[in-house]
1. Restricting to the stretch A:161-198, and then to whatever is among the aromatic types (Phe, Trp, Tyr) and either surrounded by fewer than 17 Cβ atoms within 10 Å (Cβ to Cβ) or more than 9 Å from chain B (Cβ to nearest Cβ) (or both), can you tell me which residue is farthest from A:PRO227 (Cα to Cα)?
2. Please tell me if A:ARG281 is of a type in the set (Lys, Arg), assigned to a helix (DSSP H, G or I) and surrounded by fewer than 19 Cβ atoms within 10 Å (Cβ to Cβ).
3. Among what's in the stretch B:21-42 and is facing another protein chain (nearest Cβ under 10 Å) and part of a helix (DSSP H, G or I), pick the residue that is nearest to B:VAL215 (Cα to Cα).
4. Looking at (1) of a type outside the set (Phe, Trp, Tyr); (2) over 20 Å from B:SER250 (Cα atoms); (3) touching a residue at least 24 places away in the same chain (Cβ under 8 Å); (4) crowded, with 23+ Cβ neighbours inside 10 Å, can you tell me which one B:ILE54 breaks?
5. For B:ALA192, state whether it is within 14 Å of chain A (Cβ to nearest Cβ) and touching a helix residue (DSSP H, G or I) at 6+ places or on another chain (Cβ under 8 Å).
6. Check the stretch A:47-68 and report whether any residue there is modelled with pLDDT of 80 or more and under 30 Å from B:SER226 (Cα atoms).
7. Residue under question is A:GLY135, and the condition is that it be under 25 Å from A:PRO376 (Cα atoms), within 14 Å of chain B (Cβ to nearest Cβ) and not aliphatic (A, V, I, L, M); does it hold?
8. Of the conditions (1) of a type in the set (Phe, Trp, Tyr); (2) in contact (Cβ under 8 Å) with a residue 40 or more places away in the chain; (3) surrounded by fewer than 19 Cβ atoms within 10 Å (Cβ to Cβ), B:PHE39 clears all except one; give me its number.
Amino acid sequence: MQTNRLLPLFKQALLTFTVSLILFGPISGLVLEGFSFRNELTRAVVLAAIVTAGRVAISLVQMTSLGQALTRRMADSGVGVTVMTGTEKSPVLILALLFVAGLSLPFFADKYFLGIAILALIYCLLGLGLNIVVGLAGLLDLGFVAFYAVGAYLLALGSQYLGLGFWGALIIAPLLAGLFGMVLAFPVLKMHGDYLAIVTLGFGEIIRLVLNNWLDFTGGPNGAPVPAPTVFGLEFTRTAKQGGVSIHDYLGIPYSADYKFWFIYLVLFLVVCLVIYAVERLRVMPLGRMWEALREDEIACRSLGVNHVFTKLTAFMLGASTGGLAGVFFAVHQGFVNPTSFTFFESALILAIVVLGGLGSTVGVIAAALVLTILPELLRDFAEYRVLIFGVLMVVMMIWKPRGLVRIKRPAFFPSTTTDAGPLPLTAKAEVA
Amino acid sequence: MDVYILLQQLFNGITLGTIYGLIAVGYTMVYGVIRMINFAHGDVYMVSAYIAAITLAVLTFFGIQSAPFALISVLVITCAVTAVYGWAIERVAYRPLRGSTKLAPLISAIGISLMLQSYVQISQGARDQGVPTLISGAFRFGDGVHFAQITYMQTVILFASLIAMGILTYVINYTRIGRECRATQQNIRMSAVLGVNTDRIISTVFVIGAATAAVGGVLVTFNYGSFNFFIGFVMGIKAFTAAVLGGIGSLPGAVLGGILLGLTEALFAGYVSTDYKDVFAFALLITLLFFRPYGLLGRPEIQKV
């Protein structure tokens, strides 16, 4: 009995070891140095051994009864929908506490941490935007960074050519990015999953290449400067420009370079809260429900009369608008934009946020955005492994829980008369094919 | 004189195009069988470029100097190792996800693509790498001032691609495994009922795709001499454009699409703008998918419930 189990395990281990040795051998074992190479074969053997050990460990765990139960549970949790019972307590108190904590953060944090917080909130915004497109509407958009770039360059170039300021850009950016979203959405409307992904990928690259090559207009690889923001015409500089008033003079407080970042943080925080509110409202609206229905089965939706053109278009445009907003904040925070900030890696990072957040869950996306931006800052030593870890996480996440870590609870509508008629069904499980 | 410039662009375009065709084969075969784009395919090509350079370095280390022998052994070894990559990708990112949501394999393949890029970057460094010129010299047409040339390496590319395509056509059309591939492509469930091991066929298709991409990778590496960990991205999109241009799922289509894309791109680069040649290729892809998503040789696919 024992040997019957151990022999296949041994075979599997041997196969894994051989394959991983072939995979790791040339690339990490022999490092190119000019036309010659450096021998690092021990590294390859160690890597192969680690992979084999991991594979064997997983198999061993799966053999035990506990492991089998665990596997069944994991396999089970992918399908089905949990519906709210209507008896959940409203989380208003927690939300209010979080809101106050978020607002008061600048008074505790130093400049370095505030910078990270701003970046984290920008990624929250990007994650929320892409979540509408990928998580809710199920349209895999790999060129999301294009809309981010549109927002950032709108402020940079708008101030250069049209005298556009921060507040103006904040209003125009969502509209312009939404327009770009519409331009992209029209050709992709009739495409399905993978064609759509590759077209959006191409679109993102086109935008980046144009920004990079159109030297006269965008400044090309050298980028473009972004002016500092103003509030009610007050400036954040030490000495105001001709005819202007700087904010510390106006308020009669000593100058600090941090005021600008306080201001950006506070506006950004309010915008993020607003977007979260909007997304949460949209989800329970017919439009949001149509997005999710379309994600599950397009043919069924269309035969039920859902206007798929309108539905996809709105998802694309709203997602793009949010991306454009994030771009404005990115530009004003950096004070400078250039095309290297808008590569495919950025799109992949935003996608990783949405995927790890659990494709559709607002809380999950925010948590993932915070973790994925703050963690790399804390673990500076592992900076070069960042992308590798994102890749691994994306694969593991898809194998383990393709519908996200947080199980989404769907809001349901309850006729007011039935609430005291008896207990409602606690969870309704709907099979989703 | 202008004729020579045109001729030169045509030569360059056809060489580039055959490479696109070779890499497009991987997209088209995988798509044919599982109806999914292998997003990590461009990075498989990138990995093959590194393996080619490493193999050549090892061969030089053991004192092998003969260019044809080195080229052939590099080609064979690279194909074999890259094929294992293809197999592993299918095992890790596609097989566990069969029957999962539609989005899941796409995202896991993007994960693999990021993993491969970052793995190569960490192991081999981010700087550009190079290989020594194995074959130099060219056939020249025209007089001393105005001329067009085909380098010997370009001839090698054309011949090697032809041979690779020949082998592939033979395998697909005349062997048992090829028949099973075609059957699986037509109807995966029916093939399984009739006793085709469809899991093995899907693996095979990934292996074949990776191996042909490796042929392309080796040839490009020796032609241009330099590469880095990021080359797979643009090449991936372009090869995909080639596959769509010819009609995804069709093998001759992939080659035809590759050559067409190579030619138009070379002409665009020669006569309009070099800076925007990638923009041109991507824009071509978008336009194409809009007007004729089933390509030149493909058939429109009707979605049934």
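The values are calculated or read from the model by the stated rules, or taken from the named source; none is laboratory data. If you're wondering where the values come from, they're calculated on a predicted model, not measured in any experiment. Because the Cβ atoms are built from the backbone with ideal geometry, glycine has one as well, and the counts that use them run over all protein chains shown.
1. Of the residues in the stretch A:161-198, the ones among the aromatic types (Phe, Trp, Tyr) are A:161, A:166-167, A:180, A:186, A:195.
When the remaining residues are screened for being either surrounded by fewer than 17 Cβ atoms within 10 Å (Cβ to Cβ) or more than 9 Å from chain B (Cβ to nearest Cβ) (or both), the result is A:161, A:166-167, A:180, A:186.
Numbers: A:TYR161: 12, A:PHE166: 8, A:TRP167: 12, A:PHE180: 24, A:PHE186: 34 Å.
In this case the residue turns out to be A:PHE186.
2. When the stated conditions are applied, A:ARG281 passes them.
3. Filtering the stretch B:21-42 for residues that are facing another protein chain (nearest Cβ under 10 Å) and part of a helix (DSSP H, G or I), the one nearest to B:VAL215 (Cα to Cα) comes out as B:TYR27.
4. (3)
5. So B:ALA192 does not fit the description; no.
6. yes
7. So A:GLY135 passes the test.
8. Going through the list (1) of a type in the set (Phe, Trp, Tyr); (2) in contact (Cβ under 8 Å) with a residue 40 or more places away in the chain; (3) surrounded by fewer than 19 Cβ atoms within 10 Å (Cβ to Cβ), B:PHE39 breaks only (3).
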